[in-house]
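Colleague: Dumping the structure here so I can ask a few things about it.
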Amino acid sequence: MSGKRTCRPRSYEALVRFLAVIAAGLLVLSLTACDDEGLVAVQTQDDLFTSYVALGNSITAGFQSDGINLTTQDESYAVLLAGQMGTRFDTPALNMPGCPPPLVNPLTGQRVGDGEPNTCAIRATPVPPVVNNVAVPGAASLDILSNLDEESRPNPLTTLILGGRTQLQAAADAEATFASVWIGNNDVLEPAITGVVTEQNVTPVAAFETRLQDVLDGLEAAGVQGGVLIGVADVTLIPHLSPGVAYWLVDQEGGFPDPFEVHESCAPADLGGVGEATLVPFGYGIFELLGRALAGVPVTLNCAQDQRVLSGQEIQTLVTTVAGYNQALEAQAQARGWAYLDPNPIFVQLSQQGLIPPFPNLAAPTELFGPIFSLDGVHPSALTHRLITNELVDVINQEYGTGLQPVEVPQLN
Amino acid sequence: MRRPAWLLGGPPGATLLLVAVTLVPGWHLVTAQAAEAQGFGLYQQSACAMALGGAVVARPCDDGSAVFFNPGALAGSEGWKASVGTAVIASDGRFTSDRTRTGTDMEPDPSVIPHFFVHHGTSDRLALGLGVYSPYGFSSEWPQDFEGAFISFRSSLESLYVQPTASYQVSDRISVGAGVVAAFSRVELNRTVDLSQESVPGTGVTWGQLGIPRGTAFASVGLESDWGTGWGGHFGIQAQVNDRIDLGLRFLTPVNMNYDGAATFRQLETGLVIPGQNPLGVPAGTPVDALVEDAFDDGPLVDQEGRTGITFPAQVVGGARYELSPELALSLDLHWFNWSTFDQVELRFADPALDDVLEQNYEDAWAIRVGGRYRLAPDWALGLGYIHNTAASPPESMTPLVPEGDRNHFTAGLGWQATSRVAVHGTYHRLVQNDRRGRTQPAPDGQAPTTDLNNGLYEVDAHLFGLTLTLEF
């Protein structure tokens, strides 16, 4: 290149040697100088679980004892399941004491941190890059698809968790490969808790089925490769609802103060009552009636005529509706090759084991509804989340041939 | 001192025409999509030198580029000589996320780096020269919806050094040289702003604490500077040990650049709509965009003046050249960059509340350059080269702004003496950067970035093409 010289006859051997030396040198230098770094591999149990998103309602969100905070959020089956998958799973962590803070004593109303029912300690920082648990307490099937529909039921947690997105949009943002969907409980829960079942407050099975299909289509369009659908829990099994006959028995044993009268309609069938076929919501039977009785106001629980008591027909409506939801869920799971879990046999078994009390233990407010349900009698306890996790592990392994391991479950007494 | 070889004659007008073409406005004059040397250094000031891996400090190519490669090597030349040329850089860059394992590609945007040198040997011992070249520059562009856009989605830095130089031969074997550097530079930085990290006016909480998702781009911020000016110096010494061995050393001083310009803010649609019963107390269906639009009308995010500053680092290069035969010569350079001066970029706005500091914390870096020249024929020469440079940016500063790292370079070029007064050099340069982990997320406010933020892998390589026309007259 530089330096003009007197040219000699070309020595091509010299050129070949020059090129060979250069090539060998370059090879050695480049090999020793190349030190590529790599991606940090996500150590998941299976590639299917590279990214997991959980959709649903309060159960999935980690709501317990009428409240939610970062502690209860971390006790959700979704978090536990993600842990078994080995995948990163970020929750929309809510600062302590919560939003609202969970109950410590349902009878006195004491909550974590002495908070109030309207206390909300907003989101914790730092906000995670992606939210994997997009479930929102209070969400019904419609709410996964829309927060703005006339029939949608948003609440402050809808914004705090989703920030102006729907659950489906948030799930798409998570770029999930695997999803769990547990929705439908709130489509029948309100009438169960209020004790008033109407055509307006129960989502028809057909509407549920349509929304479910839209949700699953949306997830698959967003790249979800597999998932698990969880059946709707039979709301008549929750300890928040006690059979009318349980109130009759307590009354017979003198467990209620004098102003509280339990009508003979709450007696067993063999005594001419309908008590075994009716359910009394805790909020009505204890908070309203017993509360007034304790204040000296005479009250009567009538299982045959009281509008706030779930009649046998109303219970049948709820049971039939839940069965319809679950048929739709199972059919969709089968059609898409997803796993499906019906949680009701578990709750029936636990009930038969006496772990779900037919009547709240008013003498032990911190164990009001037993070990399976939290202190609101509606939402599963941390223990039950573990039981559900292991049931999910089983059905997922069965469907996908994966090797998820169960979580530890404390001994049940 | 040896007489430079491929000096050629020709009409000065041709040179001026090439200069005009090369410097035509609208081109990326002095930016490289991914800078070629460490940090955002450039070393493509001569196609001939490119072919030799830039290992020419002991004896620069005979095209006037000694103004840059060693100001001390100009002395001893006779007559007028000028060269003009360009290097084209076509680079590929990709970021692959650890989490999703999907990649995002940099926008392809080949850059052109011109150079121009002229010098005149006024006597046996004294030569004067002028160089116009670009030793620093970068350009990086990513899709605006890229997750790293909160650090940068389109940024560039251009520099142009104008360097009058004098070189004097102090003895038969030693010459020295020095030049004054008038540096011109401008910078453009563009990024998006994450609403979730911003404070809700009148409260002590961020939008993220109210549920706004992380990574919600609600504004783009651009800072485009005017041309700034800085001054520096360039010094070199060349020694001929014997008929076969040359040694060289050069030192380019740091140059402080201050930029004044305009900061522009544009609102971006978030697509978020707040449902009812929200903690913000706004009606159901309220778009988030409506909640923040006032900031762009009469709030803090109005267009305003902005300024920043950068120090172009010092360089020291020392090397040797050994002529094995009249046909074959090998050269080796060691190149040190004082990149530790590039520790942070301070962004200042008319509204001090918007001031920001981009922590860089670069480290001094080295390059080893090896070159070989073989004369194929009386009018043809082959050049080959290899370069390895270490990274200037620490692992925590590997971002979309300047995704650089350890690199290996392979060069090959041909020189052709077309006529007694015209020579042409053409070079191909392959740049392979080691795959390197980095981040796409800014450090939290008030915190220094750490490697804990690194969330994926940057892959960068480039093809460079150099062409230089040298005229003697």
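Colleague: Can you pull out every residue in the stretch B:293-347 that is closer than 30 Å to residue B:378 by Cα and among the hydroxyl-bearing types (Ser, Thr, Tyr)?
Modeller: B:322, B:325, B:331
Colleague: State yes or no: is residue A:92 within 28 Å of residue B:216 (Cβ to Cβ), part of a loop (DSSP other than H, G, I, E, B) and either touching a Gly at 6+ places or on another chain (Cβ under 9 Å) or free of Cβ contacts under 8 Å to residues at least 60 places away in the same chain (or both)?
Modeller: Against the criterion (within 28 Å of residue B:216 (Cβ to Cβ), part of a loop (DSSP other than H, G, I, E, B) and either touching a Gly at 6+ places or on another chain (Cβ under 9 Å) or free of Cβ contacts under 8 Å to residues at least 60 places away in the same chain (or both)), residue A:92 qualifies.
Colleague: While we're looking at this one, here's another question. Counting only residues that are on the phi > 0 side of the Ramachandran plot and away from every other protein chain (no Cβ under 14 Å), which one in the stretch A:170-205 is surrounded by the fewest Cβ atoms within 10 Å (Cβ to Cβ)?
Modeller: A:195
Colleague: Which count do you get for residues in the stretch A:365-413 that are aromatic (Phe, Trp, Tyr) and over 17 Å from residue A:104 (Cβ atoms)?
Modeller: Residues that pass the stated criteria total 1.
Colleague: While we're on this one: Scan the stretch A:198-219 and report the pairs whose first residue is within 21 Å of residue A:313 (Cβ to Cβ) and whose second residue is among the hydrophobic types (A, V, I, L, M, F, W, C), with Cβ atoms within less than 7 Å and a gap of 6+ or a chain change.
Modeller: Cβ pairs passing all conditions: A:202/A:188; A:203/A:140; A:205/A:328; A:208/A:328.
Colleague: In addition: Among the residues of the stretch A:363-394, count how many are of a type outside the set (Gly, Ala, Ser) and over 12 Å from residue A:81 (Cα atoms).
Modeller: Number of matching residues: 15.
Colleague: Can you tell me how many residues in the stretch B:180-216 are of a type in the set (Asp, Glu) and without any contact (Cβ under 8 Å) to a residue 24 or more places away in the chain? Step through it out loud before you land on a result.
Modeller: So the first thing to find is which residues in the stretch B:180-216 are of a type in the set (Asp, Glu), and the list is B:188, B:194, B:198.
Next, from what is left, pick out any that are without any contact (Cβ under 8 Å) to a residue 24 or more places away in the chain: B:198.
Result for the stretch B:180-216: 1.
Colleague: Are there any pairs with C-beta distances below 7 angstrom linking a residue in the stretch B:153-179 that is at positive phi to a residue that is aromatic (Phe, Trp, Tyr), with the two at least 6 apart or on different chains, and if so which?
Modeller: none
Colleague: Which one of the conditions (1) closer than 30 Å to residue B:346 by Cβ; (2) polar (S, T, N, Q); (3) more than 11 Å from chain A (Cβ to nearest Cβ) does residue B:419 fail to meet, given that it meets all the rest?
Modeller: (1)
Colleague: Could I ask something else about it? Can you find, within the stretch A:384-413, the residue that is nearest to the chain's Cα centre (by Cα) among those that are assigned to a helix (DSSP H, G or I) and among the aliphatic types (A, V, I, L, M)?
Modeller: A:388
Colleague: Given the criterion within 14 Å of chain B (Cβ to nearest Cβ) and more than 20 Å from residue A:393 (Cα to Cα), identify the matching residue among A:35, A:66, A:90.
Modeller: A:35
Colleague: Within the stretch A:155-169, work out how many residues are surrounded by 23 or more Cβ atoms within 10 Å (Cβ to Cβ) and assigned to a loop (DSSP other than H, G, I, E, B).
Modeller: 4
Colleague: The conditions are (1) touching a helix residue (DSSP H, G or I) at 6+ places or on another chain (Cβ under 7 Å); (2) outside the structural domain of residue A:377 (by TED's automatic domain parsing); (3) in contact (Cβ under 8 Å) with a residue 24 or more places away in the chain; (4) surrounded by 15 or more Cβ atoms within 10 Å (Cβ to Cβ), and residue A:312 fails exactly one of them. Which is it?
Modeller: (4)
Colleague: Filter the stretch B:428-447 down to residues that are more than 10 Å from chain A (Cβ to nearest Cβ), out of contact with any His (no Cβ under 7 Å at 6 or more places or on another chain) and of a type in the set (A, V, I, L, M), then give me how many there are.
Modeller: Residues flagged as more than 10 Å from chain A (Cβ to nearest Cβ), out of contact with any His (no Cβ under 7 Å at 6 or more places or on another chain) and of a type in the set (A, V, I, L, M) within the stretch B:428-447 amount to 1.
Colleague: Among the candidates A:215, A:224, A:188, A:202, which residue alone is assigned by TED's automatic domain parsing to the domain that holds residue A:138, under 20 Å from residue A:152 (Cα atoms) and part of a loop (DSSP other than H, G, I, E, B)? Spell out how you get there, then give the answer.
Modeller: Values: A:215 fails: part of a loop (DSSP other than H, G, I, E, B); A:224 fails: under 20 Å from residue A:152 (Cα atoms); A:188 fails: part of a loop (DSSP other than H, G, I, E, B).
From the options A:215, A:224, A:188, A:202, the qualifying one is A:202.
Colleague: Something else: Mind listing whichever residues of the stretch B:295-354 are among the polar types (S, T, N, Q), out of contact with any helix residue (DSSP H, G or I) (no Cβ under 9 Å at 6 or more places or on another chain) and surrounded by fewer than 17 Cβ atoms within 10 Å (Cβ to Cβ)?
Modeller: In the first step, residues of the stretch B:295-354 are kept if they are among the polar types (S, T, N, Q); the result is B:304, B:308, B:311, B:315, B:325, B:331, B:338, B:340-341, B:344.
In the following step, the residues that additionally are out of contact with any helix residue (DSSP H, G or I) (no Cβ under 9 Å at 6 or more places or on another chain) were identified as B:308, B:315, B:331, B:338, B:340-341, B:344.
Within the stretch B:295-354, B:340, B:341, B:344 qualify.
Colleague: Let me ask something else. Quick one: count up the residues across the stretch A:132-151 that are facing chain B (nearest Cβ under 7 Å) and either closer than 21 Å to residue B:455 by Cβ or surrounded by fewer than 24 Cβ atoms within 10 Å (Cβ to Cβ) (or both).
Modeller: Result for the stretch A:132-151: 1.
Colleague: Let me ask you something else. Do you know which of the residues in the stretch B:239-288 that are part of a strand (DSSP E or B), of a type outside the set (A, V, I, L, M, F, W, C) and within 14 Å of chain A (Cβ to nearest Cβ) is surrounded by the most Cβ atoms within 10 Å (Cβ to Cβ)?
Modeller: Residues of the stretch B:239-288 part of a strand (DSSP E or B): B:239-240, B:245-252, B:255-267, B:273-274, B:286-287.
Going one step further and asking which of them are of a type outside the set (A, V, I, L, M, F, W, C), we end up with B:240, B:246, B:248, B:250, B:256, B:258-261, B:264, B:266-267, B:286-287.
Going one step further and asking which of them are within 14 Å of chain A (Cβ to nearest Cβ), we end up with B:240, B:246, B:248, B:286-287.
Working: B:240: 20, B:246: 25, B:248: 27, B:286: 18, B:287: 16.
Restricting to residues being part of a strand (DSSP E or B), of a type outside the set (A, V, I, L, M, F, W, C) and within 14 Å of chain A (Cβ to nearest Cβ), the top hit is B:248.
Colleague: Scan (1) more than 14 Å from every other protein chain (Cβ to nearest Cβ); (2) at pLDDT 95 or above for the single condition residue B:398 breaks and write down its number.
Modeller: Result: residue B:398 fails condition (1) only.
Colleague: Looking at A:81, A:19, can you tell me which residue is assigned to a helix (DSSP H, G or I) and either at pLDDT below 70 or within 12 Å of chain B (Cβ to nearest Cβ) (or both)?
Modeller: A:19
Colleague: For the structure I just gave you, tell me whether residue B:219 is within 14 Å of chain A (Cβ to nearest Cβ) and either of a type in the set (Gly, Ala, Ser) or on the phi < 0 side of the Ramachandran plot (or both).
Modeller: No, not satisfied.
Colleague: In the stretch B:377-414, how many are without any contact (Cβ under 8 Å) to a residue 24 or more places away in the chain and among the small types (Gly, Ala, Ser)?
Modeller: 1
Colleague: List the number of the failed condition for residue B:87; all other conditions in (1) surrounded by fewer than 24 Cβ atoms within 10 Å (Cβ to Cβ); (2) in a strand (DSSP E or B) hold.
Modeller: (1)
Colleague: Take the residues in the stretch A:89-120 that are aliphatic (A, V, I, L, M) and at pLDDT 95 or above, then tell me which one is surrounded by the most Cβ atoms within 10 Å (Cβ to Cβ). Lay out the reasoning, then the answer.
Modeller: First, the residues of the stretch A:89-120 that are aliphatic (A, V, I, L, M): A:93-94, A:96, A:103-104, A:107, A:112.
Filter once more, keeping what is at pLDDT 95 or above: A:93-94, A:96, A:103-104, A:112.
Details: A:93: 19, A:94: 28, A:96: 15, A:103: 24, A:104: 19, A:112: 20.
The extreme case among them is A:94.
Colleague: If I go through the stretch A:161-213 residue by residue, how many of them are within 14 Å of residue A:145 (Cα to Cα) and β-branched (Val, Ile, Thr)?
Modeller: 4
Colleague: May I pose another question? For the stretch A:112-131, enumerate the residues that are more than 8 Å from chain B (Cβ to nearest Cβ) and either part of a loop (DSSP other than H, G, I, E, B) or on the phi > 0 side of the Ramachandran plot (or both).
Modeller: Hits for the stretch A:112-131 are A:113, A:114, A:115, A:116, A:117, A:118, A:119, A:121.
Colleague: Further question: State all residues of the stretch B:215-236 that are surrounded by 22 or more Cβ atoms within 10 Å (Cβ to Cβ) and in contact with a helix residue (DSSP H, G or I) (Cβ under 7 Å, 6 or more places away or on another chain); if no residue qualifies, say none.
Modeller: Residues satisfying the conditions are B:216, B:218, B:234, B:236.
Colleague: Of the conditions (1) at pLDDT 95 or above; (2) more than 14 Å from every other protein chain (Cβ to nearest Cβ), residue B:357 fails just one. Which one is it?
Modeller: (1)
Colleague: Which residues, counting only those in the stretch B:198-209, are surrounded by fewer than 21 Cβ atoms within 10 Å (Cβ to Cβ) and within 14 Å of chain A (Cβ to nearest Cβ)?
Modeller: Once the filter is applied, which keeps residues that are surrounded by fewer than 21 Cβ atoms within 10 Å (Cβ to Cβ) and within 14 Å of chain A (Cβ to nearest Cβ), the stretch B:198-209 yields B:198, B:199, B:200, B:203, B:204, B:205.
The values are calculated or read from the model by the stated rules, or taken from the named source; none is laboratory data. Computed from a predicted model, the values in this text were never measured in an experiment. Cβ coordinates were reconstructed from backbone atoms using ideal geometry, including for glycine residues, and neighbour counts include every protein chain displayed.
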